[in-house]
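To keep things clear, I will list the structure first and then write my remarks on it.
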Ligand SMILES: [Cu+2]
């Protein structure tokens, strides 16, 4: 009995570790939070990053960004969707940029402003 219990605990710990590892994974584009009756007033979080790729036609940029404490994100490299109103034509690979990221109507993270940073 005691042995069974510790096996269960060990399994639970393993699961806990697995889900912690998953939280580290880079998939915060699709916010898994079950959005309750929450805000149309999504706040934007500001950060800086470096451009690795620009796909102006698809409105996607790949950035290596610093930590974004407001979103609880570590530093990472990722693709971002970019709001339709944002002009990507001035951005080049290798540019350091200042950007803000908010959420679109579906709760997807989306860059709502981005510009070269000095
Ligand atoms: Cu990221």
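Subtracting the Cα-Cα distance from 0.36 nm times the residue separation, let me have the gained length for residue 46 to residue 72 in nm, one decimal. Each step should come with its number before you reach the end.
Working: separation 26, 0.36 × 26 = 9.36 nm, distance 1.22 nm.
Answer, rounded to one decimal: 8.1 nm.
Work out, step by step, the length gained on full extension between residue 104 and residue 64: first 0.36 nm times the residue separation, then minus their alpha carbon distance; give nm to one decimal. Please list the in-between numbers first.
On the way: separation 40, 0.36 × 40 = 14.40 nm, distance 2.10 nm.
In short, 12.3 nm is gained.
Translational diffusion coefficient, Stokes-Einstein: compute it for the stretch 45-116 using the Kirkwood radius over C-alpha pairs as Rh, at 37 °C and 0.692 mPa s, and state it as an integer in µm² s⁻¹. Display every interim value, and only then the final one.
Values: Rh = 11.9 Å.
Roughly 276 µm²/s, to the nearest whole number.
Mean separation of Cα pairs under 8 Å and 6+ residues apart, divided by the residue count of the stretch 45-116: what relative contact order is that in percent? Please report the intermediate quantities before stating the final value.
Values: 157 pairs, mean separation 23.9, N = 72.
It rounds to 33 percent for the stretch 45-116.
Every number here is computed from the coordinates shown, using simple stated rules; none is lab data. Not measured: the values here are computed from a predicted model.
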